[in-house]
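The block underneath contains the structure these notes are about, expressed in structure tokens.
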Amino acid sequence: MEIKQKKRSEISNEFKWNLTEIFLTKEDWQKAIDSMSIKTKEIEAFKGKLKDGASILDCFEKLYTASKLIGKIYVYANMTMHEDANVSEAQGMASLAESEYTKFNAAVSFVDPEILENDYEVVKGFVKNTAGLDAYAHVLDNLFRTKAHTLSAEVEEILANANEISKAPSKINEMLDSADMKFGEIKDEDGNSVELTPGRYGSYIRSKDRRVRKDVFDAYHEGYAKLKNTFTTMYSQSIKSDMFFAKTRKYESSRAASLSNYNIPVSVYDNLIEAVHEFLPVMHRYVAVRKKALNLDKVHMYDMFCPMIEEADTNVSYEEAKKKLAEGLAPLGKEYIDAMSKGMESSWIDVYENEGKMTGAYSWGVQGTPPYVLMNYDNKIGDMFTLAHEMGHSMHSYYSWGTQPKQYGSYSLFLAEVASTVNEALLMEHMLKTTDDPKVRLFLIGEYIDQFRGTVFRQTMFAEFEHIMHEQLEKGEPMTLEGACKTYRELVEKYHGPDFHADEFLDIEWMRISHFYRAFYVYQYSTGYSSAIAFAKRIKEEGEPAVKDYLDFLKAGSSDYSINILKKAGVDMSTPEPVREALKVFDELVTMLEKEYE
């Protein structure tokens, strides 16, 4: 029996998102593109005039309105392509949207440099004396914060135009992963021949059958091994692009440039790695427990994702998952639950995998659209937690977009992983409380630990890898296939300890981490998870006051600097303490497992 992916047309509409809430038809999308030229010209009319408060206010109003529209154009086109990357029309739409986005950014790139020609004290006077401009006070403060890294209008326009070219490695990686790469077939637990896809990899790597896990791991990574020189070149060029923009903007490093976007001190990144290194012995203890639980001589990477308690690895249907979410997130209040439940029934979510669909899961949209969710749901308990995770993102967007004006509606990437993880933590607490079966409870503890392992330890390992790779090229040393693989292997061995065996194919695992093309992004999974554990703990212990602080956090958007928004809500990420406190919870969970397997 051969199991093939379904085509998009074979998926029921009730399990597909509804993009008509962005644009009713593709013709309307094209009309929106055509209207951008008028909106862009209205903004360009301010060239040479941004010398008084009224002009700056009028320019900002038109700029942020146009930004929302180009955002909708970009999201609609790319989400259409993510439904099925094999559709050439969708590829063309995404390409056109990328070009239009770049063209718009280039055309309006004069705004920041021209405002920065004013003295900041003079601009503060504009804010005080111009009715309405105070709504943009934080925008202006953030702009003058980066004055040393903002270049002339002419250079800013060149950089904006170069942005589309700089994304080439990421776009190539996306097309390889979604459409062009083939991974052959494997035999499932029942001997059926199954086409291996990125979505199915996530399911089969959790198989109870070790033979299946190994076959899936080897087949999947062999697909990347065939293109190892291509992926090395792509990533090298991506890093060089990061270096170009950082150097041009006069930052000391690519990392400093990336973190500066949200005013995050580089020390936060270093503190994270240092704190995680401090707890690596606990991670090694966990690997040893996993070895004992699965009765293995050595733990391989393909042994790291399967449940340690086989009997408890039950299926969870999509309908059941939605019900569990509503129950588990009840501490966040009726308003939150009602809004989330309505969203899940209102075509926010594209549920199941289909041929050509983008792999993984995400929450996306812009202010003025629903906060959509892409899933590749496969009826596993892990998929239920992924749904909780992505709905956390969507509810963060729902509250921010609904509360903040257009200039502050979006939230920073540094904050993006907090709400998603709060949902996961609360759902896990609920599941642990409501199960009487000791095997199920032990299974859930294992799942909770794996959330820590996958989000804090694994993502920090990724963060350390990309930092090393960037530093290497910034020192003038070439990036080679052998060097990158050696660095990655050494980190894997360091993070997993003496009971772990790094297979040959593990050397190239870095090639399939798509987030590496979004430089210095992954560390925010770890910091976000740590912040989320702090929020979940407060909600559990303090109730309503903590819920109010948390909802205020969700509503804050980008109305202040990210570090400040968290601090107002009771979490200080300028210190390593939230990371340490989260990892103490990990230590407690590992100790519980050790007692079970004494």
Do any helices (runs of 4 or more DSSP H) lying entirely in the range 254-365 carry at least 2 residues that are of a type in the set (G, A, S) and over 30 Å from E174 (Cα atoms), and which ones are they?
266-278, 280-293, 318-328, 334-344
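Has the range 286-302 got any residue that is within 23 Å of the chain's Cα centre (by Cα) and assigned by TED's automatic domain parsing to the domain that holds D437? Please lay out each step first, then the result.
Looking only at the range 286-302, we keep the residues that are within 23 Å of the chain's Cα centre (by Cα), and these are 301.
In the following step, the residues that additionally are assigned by TED's automatic domain parsing to the domain that holds D437 were identified as 301.
Looking through the range 286-302, at least one residue is within 23 Å of the chain's Cα centre (by Cα) and assigned by TED's automatic domain parsing to the domain that holds D437.
When you go through A94, A107, A131 one by one, which is the residue that is of a type outside the set (D, E, K, R), farther than 21 Å from N263 by Cβ and within 25 Å of the chain's Cα centre (by Cα)? Steps first, please.
Numbers: A107 fails: within 25 Å of the chain's Cα centre (by Cα); A131 fails: within 25 Å of the chain's Cα centre (by Cα).
Just one listed residue meets the conditions, A94.
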Residues that are surrounded by 24 or more Cβ atoms within 10 Å (Cβ to Cβ) and either in contact with a Leu (Cβ under 7 Å, 6 or more places away or on another chain) or farther than 24 Å from A225 by Cβ (or both), drawn from the range 510-532
F520, Y523, Q524, S526, T527, G528, Y529, S530, S531, A532
Just for the range 1-43: of the residues that are outside any helix (DSSP H, G or I) and hydrophobic (A, V, I, L, M, F, W, C), which one is farthest from the chain's Cα centre (by Cα)?
M1
Please determine, by comparing only the residues of the range 73-105 that are among the aromatic types (F, W, Y) and touching a Phe, Trp or Tyr at 6+ places or on another chain (Cβ under 6 Å), which one is surrounded by the fewest Cβ atoms within 10 Å (Cβ to Cβ).
Y74
Give the residue, chosen from E274, E327, that is at pLDDT 95 or above, assigned by TED's automatic domain parsing to the domain that holds G476 and surrounded by fewer than 17 Cβ atoms within 10 Å (Cβ to Cβ).
E274
Where in the range 514-598 are the helices (runs of 4 or more DSSP H), entirely inside, with at least 3 residues that are in contact (Cβ under 8 Å) with a residue 40 or more places away in the chain and charged (D, E, K, R)?
577-596
Qualifying position, being surrounded by 15 or more Cβ atoms within 10 Å (Cβ to Cβ) and without any contact (Cβ under 8 Å) to a residue 40 or more places away in the chain, among I70, I56
I70
Cβ contacts < 9 Å: first residue farther than 14 Å from Y521 by Cα and free of Cβ contacts under 8 Å to residues at least 24 places away in the same chain, restricted to the range 265-278; second residue assigned to a helix (DSSP H, G or I) and polar (S, T, N, Q), any location; separation 6+ or different chain. Result?
H277/T460
Scope the range 30-65; condition within 16 Å of Y136 (Cα to Cα) and of a type outside the set (D, E, K, R); matching residues:
L50, G53, A54, S55, I56, L57, C59, F60, L63, Y64, T65
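Going by the structure shown, is S253 buried (at least 21 other Cβ atoms within 10 Å of the Cβ) and under 24 Å from the mean Cα position of the chain (by Cα)?
Numbers: buried (at least 21 other Cβ atoms within 10 Å of the Cβ): no; under 24 Å from the mean Cα position of the chain (by Cα): yes.
Taking the combined requirement at face value, the residue does not satisfy it.
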Residue within the range 56-66 that is more than 24 Å from G409 (Cα to Cα), under 29 Å from the mean Cα position of the chain (by Cα) and either of a type outside the set (F, W, Y) or part of a helix (DSSP H, G or I) (or both) present:
no
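For the range 389-440, which residues satisfy the criterion of being polar (S, T, N, Q) and either in contact (Cβ under 8 Å) with a residue 60 or more places away in the chain or part of a helix (DSSP H, G or I) (or both)?
First, pick out the residues of the range 389-440 that are polar (S, T, N, Q): 394, 397, 400, 403-404, 407, 410, 412, 420-421, 423, 434-435.
S394, S397, S400, T403, Q404, Q407, S410, S412, S420, T421, N423, T434 - these are the residues of the range 389-440 that are polar (S, T, N, Q) and either in contact (Cβ under 8 Å) with a residue 60 or more places away in the chain or part of a helix (DSSP H, G or I) (or both).
Of all the residues that make up the range 476-509, how many are assigned to a loop (DSSP other than H, G, I, E, B), surrounded by 15 or more Cβ atoms within 10 Å (Cβ to Cβ) and among the charged types (D, E, K, R)?
Number satisfying all stated conditions: 2.
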Result of the Cβ filter at 6 Å on the range 319-343, keeping first residues that are over 18 Å from K540 (Cα atoms) and partners that are surrounded by fewer than 18 Cβ atoms within 10 Å (Cβ to Cβ) and not aromatic (F, W, Y), at least 6 apart or interchain, is S341/A326
Within the range 189-224, restricting attention to residues that are in contact with a Ser or Thr (Cβ under 8 Å, 6 or more places away or on another chain) and assigned to a loop (DSSP other than H, G, I, E, B), which residue is surrounded by the fewest Cβ atoms within 10 Å (Cβ to Cβ)?
E189
Positions within the range 118-146 being surrounded by 13 or more Cβ atoms within 10 Å (Cβ to Cβ) and of a type in the set (D, E, K, R), in sequence order:
K124, D134, D141, R145
Elements of type helices (runs of 4 or more DSSP H) contained in the range 74-140, each with 3 or more residues being of a type in the set (D, E, K, R) and within 24 Å of Y408 (Cβ to Cβ):
120-129
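The values are calculated or read from the model by the stated rules, or taken from the named source; none is laboratory data. If you're wondering where the values come from, they're calculated on a predicted model, not measured in any experiment. With ideal geometry, Cβ positions are generated from the backbone for all residues, glycine too; neighbour counts draw on all protein chains shown.
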